[in-house]
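Report on the structure given below.
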Amino acid sequence: MSELSDIVASAAQPAVKTSAVIAASGGLVASFALPASAASASQPSTPTTAATTAPVAVQAPETAGPAATNAFGVIGFKATAQPKPKPAPKPAPAPTVVRDTGVSRSATRPVFTSLKPATGGILGIAAQYKGIMYSYGGTSPSTGFDCSGYTQYVFGRMGISLPRTAEEQRAAATPVSNPQPGDLVFFGSPAFHVGIYAGNGMMWDSPRSGKAVDLRPIWSSNVSYGRP
């Protein structure tokens, strides 16, 4: 009996080793057959060929990846409130005009020096020197006027330059047959006297010694007219 046990033990060792290797490497269980009985001691036992087990497909565990999300990147911004428009400035109140109803008798009247001679500019200046006495050779209010000195000074105030004597002024003027207020009126030819025509047969002049500048009638018919 001991010999038979040894034979069975020796025959079973390779199968055990093979089964252990298969179980360790693939996690599979292998089966093998042992002899059912020993018929005789002389007949050697034939080990049963281990059954070949079909390989079992082993599915690798799935590794969960990062979950997909529907979120997109958000661009950061900061809303800034628009400043409120400034209110429109209130209109300035209309200035209050205070009218002075009082009349001052000492008020100085303006001198109309910007008017053209034909519209009264020259006549306005000529009237300012009313009362200045005649002075032979005089050419200013401080010294008195002779006739041509008076006309020369008045027209000079308007920026019009005239020669010194009456005849020289007549020669320099443009003759006119239809005189207008502010034109020159000449007496005689050659001229010995000159005045400033004021219209309606009147003139401003400085006539002779003892007389003053004034508005007076044209006292002769032997006259001619000229425009500086």
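Every read-out reported here was derived from the displayed coordinates using simple, explicitly stated rules and does not represent laboratory data. Here the structure is a predicted model, which means the values were calculated and not measured. Cβ atoms come from the backbone with ideal geometry, glycine included; neighbour counts cover every protein chain shown.
At a glance:
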{"item": "Chymotrypsin sites (Phe, Trp or Tyr not before Pro) lying in DSSP loop within segment 152-215, provided at most 16 other Cβ fall within 10 Å", "result": "Phe192"}
{"item": "Share of Cα-Cα pairs in segment 117-227 lying beyond 18 Å, as whole percent", "result": "40 percent"}
{"item": "Length added when fully stretched, Ala171-Arg157, from 0.36 nm per residue minus Cα-Cα", "result": "3.0 nm"}
